[in-house]
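Below is one structure; the comments refer to it alone.
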Amino acid sequence: MANTIPCMKLNTGHSMPALGLGTWNYRLPGIYDAVKTAIDVGYRHIDTAWVYESEADVGKAVKEKISEGVVSREDVFITTKLGNYFHDPDEVAVGLRESLDDLKTSYVDLYLMHWPVSLKKAARGVLADDTDYIDTWRAMEKLVDAGKARAIGISNFNMAQVERLLQTDGLKYKPANLQIEMNPYITNTELMQFCLEQGISVTSYSPLTKGVADYQGEGTFNILEDDVVTKVARQHSRTPAQVVLRWTLQRGCAVMVKSCSESRIRENFQICDFSLTNEEMAAITNLNINQRLVKRDNMKSFPWYPF
Ligand SMILES: NC(=O)c1ccc[n+]([C@@H]2O[C@H](COP(=O)([O-])OP(=O)(O)OC[C@H]3O[C@@H](n4cnc5c(N)ncnc54)[C@H](OP(=O)(O)O)[C@@H]3O)[C@@H](O)[C@H]2O)c1
């Protein structure tokens, strides 16, 4: 079986590669090299965000691969996200401008509202702001019309918030994508099915429960050490990470996975030359314990907090 990464058709008509390289952590060293390696390996989707402070490294790496003739700008699907400080409708275009400048590109393929929550900067930490995400969405629609975002979408929205967006009269565009935490310990099945039925593609983030090398917090579980996953991995002579990434694709979702290690970037790409049986899919899905790692507790009391 050839290892061809599928593309998902967005409701805008654009194609989105279903596997992407994640670039989260603040000022993470190694992102520039990781993006260049990923493009050489064959990744054609890079996920970043204003808040990650990785956009400049992503932009530099993509530009270099374009000047080397490895890819053209059209070949690379770039997703970035509106910072929570730019929700005021007058600020939305400013937020994207900052991202485009750092990414060194005139447009992004997908622009996500990172959270439904709007924030104001404060001397210490952040303050709540009550800007309604519907008003922010209207301003994001203008970015599509201006040609600066090919598609727009949402992230970290709950079901009621997605439904409210879809039911609001007078909006021009439906979200093309919802990006949410999804792995076998938080399957988000109901929300996923609802979005897919509505023609909204779904993307998993933190697919490896942040992996072995990252902070997971006390009392949280690492999916890469799960007995069911490791058994399936042995049966297919694959790694637990490959099994979990494959599970996500077979659910009909896209998946963004972060790695700064060349060998793991290669490993995570090799997920389309095998498939899981229906029984294996069901056994992995049954591991759900609704373990959420990305909670942003500092926003818990704020308007529109989703969880
Ligand atoms: N929309 C949102 O609010 C949101 C929130 C979180 C994340 N995201 C996006 O989703 C991306 C992925 O999520 P994430 O970074 O939170 O977590 P993740 O991809 O689940 O895990 C990343 C961690 O796993 C390790 N890893 C990667 N491949 C591995 C493998 N094959 N075997 C063992 N360990 C492996 C990485 O270490 P090495 O680098 O050493 O390989 C890294 O520490 C982010 O980078 C970001 O782009 C979006």
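Compute, for the stretch 116-269, the length of the dipole vector about the Cα centre, with Cβ point charges of +1 (Lys, Arg) and -1 (Asp, Glu) only. Units Debye, rounded to 20.
Numbers: 19 positive and 18 negative charges, 113 e Å.
So the dipole magnitude of the stretch 116-269 works out to roughly 540 debye.
Which Cα, out of PRO303, PHE269, CYS253, lies furthest along the positive dipole direction of the stretch 236-303 (beta carbon charges, K/R +1, D/E -1)?
The listed residue farthest towards the positive side: PRO303.
Relative to the Cα centre, what is the charge dipole magnitude of the stretch 135-175, using +1 at the beta carbon of each Lys and Arg, -1 at the beta carbon of each Asp and Glu, and rounding to the nearest 20 debye?
On the way: 7 positive and 5 negative charges, 35 e Å.
Approximately 160 debye in magnitude.
If the cut-off is 18 Å between C-alpha atoms, which lysines fall inside it for LYS9, apart from same-chain ones fewer than 8 positions away?
Filter leaves LYS174.
Could you derive backbone 3J(HN,Hα) for the stretch 279-286 from the dihedral phi with the Karplus parameters 6.51, -1.76 and 1.60 (θ = phi - 60°), listing whole Hz in sequence and x where the residue is Gly or Pro?
Working through the residues one at a time gives 5, 5, 4, 5, 5, 6, 4, 5 Hz.
Taking the Cα centre of the chain as origin, sum charge times position over the Cβ atoms of Lys and Arg (+1) and Asp and Glu (-1), and report the length of that vector in debye to the nearest 20.
On the way: 34 positive and 39 negative charges, 41 e Å.
Dipole of the chain, to the nearest 20 debye: 200 debye.
Skipping prolines and chain starts, which residues have an amide H placed within reach, meaning under 5 Å, of the one on MET113, given they are 5 or more residues away or on another chain?
Long-range HN contacts for MET113: LEU82, GLY153, ILE154, SER155.
Choose one of MET159, HIS45, LEU82: the residue whose Cα lies farthest towards the positive end of the charge dipole of the stretch 15-299 (beta-carbon charges +1 Lys, Arg; -1 Asp, Glu; about the Cα centre).
Checked the options; the winner is HIS45.
Projected onto the charge dipole of the chain (+1 at Lys/Arg Cβ, -1 at Asp/Glu Cβ, origin at the Cα centre), which of LEU96, ASN3, THR131 gives the Cα projection farthest towards the positive end?
Most positive-ward Cα: ASN3.
Using helices alone, what [θ] at 222 nm do you get for the chain, with -39,500 (n - 2.57) per DSSP H run of 4 or more residues, divided over all residues and rounded to the nearest 500?
Working: 10 runs with 104 residues, N = 307.
My calculation for the chain gives -10000 deg cm²/dmol from helical runs alone.
How high is the relative contact order of the stretch 15-299, in percent, counting Cα pairs under 8 Å that sit 6 or more residues apart? Intermediate results must be reported in sequence, preceding the final value.
Details: 492 pairs, mean separation 51.3, N = 285.
This gives 18 percent for the stretch 15-299.
Run down the aspartates and glutamates and flag those whose C-alpha is under 12 Å from the C-alpha of LYS231, throwing out any fewer than 8 positions away in its chain.
Output for LYS231: GLU280.
Restricting the count to DSSP beta bridges whose residues both fall in the stretch 15-299, what percent are antiparallel, rounded to a multiple of 5? Please list the in-between numbers first.
On the way: 5 of 31 bridges.
Of the beta bridges lying entirely in the stretch 15-299, close to 15 percent run antiparallel.
Please give the net charge around TYR52, taking every other residue with its beta carbon less than 12 angstrom from that of TYR52, where Lys and Arg add +1 and Asp and Glu add -1. Walk me through the numbers before you get to the answer.
On the way: positive: ARG27, LYS81, LYS258; negative: ASP47, GLU53, GLU55, ASP57, ASP102.
Summing Lys and Arg as +1 and Asp and Glu as -1 gives -2.
Based on alpha-carbon positions alone, could you give the equivalent ellipsoid semi-axes of the stretch 63-189 from the gyration tensor, as √(5λ), descending, whole Å? Walk me through the intermediate numbers first.
Values: eigenvalues 127, 69, 54 Å².
Rounded to whole Å, the semi-axes are 25, 19, 16.
Using only Cα atoms, figure out Rg for the chain and give it as a multiple of 2.2 N^0.38 Å. Numbers along the way, then the final one.
Details: Rg = 18.5 Å, N = 307, 2.2 N^0.38 = 19.4 Å.
That works out to 0.96 for the chain.
Could you name the lysines in cross-link range of LYS104, using Cα to Cα under 22 Å and dropping any fewer than eight places away on the same chain?
LYS36, LYS60, LYS63, LYS65, LYS81, LYS142, LYS148, LYS258
Bear in mind these aren't lab numbers, they're just calculated from the coordinates by the rules spelled out. Owing to the predicted nature of the structure, the values given are computational and were not obtained by experimental measurement. Note that each Cβ is placed from the backbone with ideal geometry, even for glycine, and that neighbours are counted across all protein chains shown.
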